[in-house]
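Peer 1: For reference, the structure I am asking about is given below.
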Amino acid sequence: MNKPSVVKRIFGATLALAGGFLVLQRGAPFLPTPAMIVSDAGAQSPPPLDHFQCYQSKTASGTAKFIPLPFVVTADQFGEWRFEVRKPAELCAPANVEGSDAGAPGHAEHLESYQIKRVPGTGKFPKTLNQTVVDAFGNITVDLLKPERLLVPTAKNLSTPPTALGSPVTDHFTCYKARTSPGTPKFIPHLASVVSDQFGALSVNIVKLKKVCVATNKSNEEPGAETHNEHLVCYQAKLVSGFTPLRAYTANGFGNETLDVKKPIEVCVPAQVNPNPATPTPTQTVNVTPTVTPTSTAATATPTLTATPTPTFTVANPGTPTKTATPTATKTPTPTATATPISRVCTIDNTVSKIALAVKHPSFGNVRLVGTLGGSQTLQFGAQDANGVRPVTIPANSLQFDPVDISLAGQHVYICVKDAGIDGVGKVDCNGGDANVNLAVRADHNTANPPGSNGGLPQDPECDDTRVDPDGNPTSACLESVGGSCNPNNTHPGACNSPTEYVESGTFASGDFRVAESLTLQIVSNFGPDNIQCTADDTYSAPAILRTFLTTGIARATVYDANNVSNSILDHNAPGAAPLGCTSCITQVTGVPRGCSNITGSGGLRNLKLVGALPVLDIDPQVGDAGVTIEITCN
């Protein structure tokens, strides 16, 4: 069995969709751990769920801010979704709710709640009506409106940063904003409920249903979780007794955080969603409304509700279909004009296509690690507009990449690359003249100090500067600190890592491209019995999502104060130019355009070259900072 060794450490930062060419997300290491390994074993049911009391929380002032994760893939019983994880919102402590479990306050596993937002261009959750949920409070019929939170198993400490949970037994959960379905019995409030957790005993009024949280397989870390049948229903909780805000330290798969815990806002209880709707629903809805006189009517009405959940997936307002059917003006299929895009396959030439890392190694000096790229992808070209620009789409299912092997002195890291389920988008300018074909991507390892003679980003004493990438996604500064979330290693406590800065320039020549693709990467630590890389029996790291901006212009990566050495620079050394402290560094690559007449003719995409680059800080404690470049040539 082949296993990567030392070079694997250079991928100690998690590759993620964060809006660079190839973006490495500061956070948990991108190396397989026992909790991350994808197992071929059958899905196992988790132990019984705790009740939880959730407290409104936010990043503590003066501490490292949470860096948004622009792309996380989740799967639950309602489908597969792609979210941006934006910021922490609540901390949920295991709780003894009205005598449910006296031992729960002593349990270690908490849940941290994060705001989520659908990634633009991905599938939208359809309102899902008349779902039956059953919990300790009874039975209620609800409409699920949209996903709004991700619950992550979390370690918590009140005095010092904890160690992340090694192997959580609690699932992740996707929480959907919910309401009681119109025309069905409402939730009966539970007043002055006693809820005890690690913060003490409180009295709260449990007022109304707010969210339904379903077991979730996040980033394929827990295959089968989407089939688990124990979920959480969260109810608004209004504080009756007093609560003193406090500070808590947390650690989970997204990193370490320091939170200001404000006040209790929700109580979440274990529940089942649509459990055998034919049997339990009628009897339990009667129990929900014991004070209503026409009990029998409620009982007879309920079965019809339980029959409706499935049809409501397709209900679109009974009157509307007939109206939308009348305008057979949809016969004017403008689609027929766009229904015939020109499709061309780019077969990636693995003799010249590569991914490379340029590093300034403290012992070996300037080193470039190179791995070959091969495979294929399809580019579809839409109609040319008045300015000569054709939109380009790269269907996700057309992406096929050969296994990647990066080696240095006999040491190897093996990577498998596949699509992330999102179509690539971009354009080709057939006539030339559009702006911003080139992209320089820059980072400063320490903006606590002003720029030096070799350049640098502006001084940022507060370490709170932000920038945006070409898609408009924010990038933020981050303070390295022990136990912080700035990067996986926090090698230089006190150093302010700048936001990633993108500088667009240049003008499209005829046939120049700019495209953005989303890919999933996994490191292989064991090839399995067949001894072949990237097959089903391999042992993989957790999947990492990356966003690549590729151009036929110039892509360049620069690191100022490289390796946190003042005025050191990791940058491309152009022939004949002063080395600027980085002799023979290659961090800039140049693409090759392809004329539109060639694309539409028999030559196709032959010799088209797409390139990208980005800076990465502290890619590994031993290796330091890196400039990453990617080159894809079609043959």
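The values are calculated or read from the model by the stated rules, or taken from the named source; none is laboratory data. What you see is a predicted model, and the numbers here were worked out from it, not measured in a lab. All Cβ positions, even for glycine, are placed from backbone atoms using ideal geometry, and neighbour counts span all protein chains on display. In case anyone asks, the SASA skips ligands and DNA or RNA and just uses the protein heavy atoms, side chains included. Shrake-Rupley method; radii C 1.70, N 1.55, O 1.52, S 1.80 Å.
Peer 1: Got a number for the accessible area of His492? Probe 1.4 Å, square angstrom, nearest 10.
Peer 2: Ignoring ligands and nucleic acids, His492 comes out at about 40 Å².
Peer 1: Quick check: net charge around Gly388, other residues with Cβ under 12 Å of its Cβ, Lys/Arg +1 and Asp/Glu -1?
Peer 2: On the way: positive: Arg390, Lys427; negative: Asp385, Asp429, Asp434, Asp512.
Surrounding charge for Gly388 is -2.
Peer 1: Taking the full set of protein chains and a 1.4 angstrom probe, give the accessible area of Arg442 in square angstrom, rounded to the nearest 10.
Peer 2: 70
Peer 1: Hey, how many Å between the Cα centroid of the stretch 129-156 and the Cα centroid of the stretch 486-552?
Peer 2: One Cα centre to the other: 34 Å.
Peer 1: Sorted by mean Cβ packing within 10 Å, highest first, what order do the peptides 504-511, 232-239 take?
Peer 2: Per-residue Cβ counts within 10 Å, averaged per peptide and sorted highest first, yield 232-239, 504-511.
Peer 1: Per residue, how much accessible area does the stretch 385-537 show when a 1.4 Å probe rolls over the protein heavy atoms, in square angstrom?
Peer 2: Working: 5970 Å² over 153 residues.
For the stretch 385-537, the per-residue accessible area is 39 Å².
Peer 1: Counting only the backbone N, which residues of the stretch 65-98 are under 20 Å from the spot 7 Å out from the Cα of Thr244 toward its beta-carbon?
Peer 2: So the set is 93.
Peer 1: Show me 158-170, 142-154 ranked by packing, highest mean number of other Cβ atoms within 10 Å first. Before the final figure, lay out each step's value.
Peer 2: On the way: 158-170: 14.3, 142-154: 22.6.
Highest-to-lowest ranking by the protection proxy: 142-154, 158-170.
Peer 1: In whole Hz, what ³J(HN,Hα) sequence does the stretch 606-612 give by Karplus (6.51, -1.76, 1.60; θ = phi - 60°), x for Gly and Pro?
Peer 2: Once θ is set to phi - 60°, the couplings for the stretch 606-612 become 3, 6, 4, 10, 9, 9, x Hz.
Peer 1: Shifting gears a bit: I'd like the FRET efficiency for Ala108 and Ser602, computed as 1/(1 + (r/R0)^6) with the beta carbon distance as r and R0 of 60 Å, rounded to 0.05. Intermediate results must be reported in sequence, preceding the final value.
Peer 2: On the way: r = 65 Å, r/R0 = 1.08.
So the FRET efficiency works out to roughly 0.40.
Peer 1: Provide the net charge surrounding Thr590, with neighbours chosen by a C-beta distance below 11 Å and charges set as Lys +1, Arg +1, Asp -1, Glu -1.
Peer 2: On the way: positive: Arg556, Lys609; negative: Glu631.
Taking every Cβ under 11 Å from that of Thr590, the sum is +1.
Peer 1: Rounded to the nearest 10 Å², what accessible area does Ile188 have for a 1.4 Å probe in the complete protein model?
Peer 2: Ile188 has an accessible surface of roughly 70 Å² with all protein chains in place.
Peer 1: Follow-up question, since we're still on this one. Holding the Cα-Cα limit at 20 Å, pick out from Lys87/Lys218; Lys58/Lys146; Lys117/Lys210; Lys124/Lys218; Lys124/Lys418; Lys117/Lys218 the pairs that are longer than that.
Peer 2: On the way: Lys87/Lys218 17 Å; Lys58/Lys146 22 Å; Lys117/Lys210 18 Å; Lys124/Lys218 18 Å; Lys124/Lys418 23 Å; Lys117/Lys218 15 Å.
Checking Cα-Cα distances, Lys58/Lys146; Lys124/Lys418 exceed 20 Å.
Peer 1: Could you sort the peptides 595-601, 423-429 by per-residue average Cβ neighbour count (10 Å cutoff), highest mean leading?
Peer 2: Working: 595-601: 15.6, 423-429: 21.1.
Most protected by this proxy first, the peptides run 423-429, 595-601.
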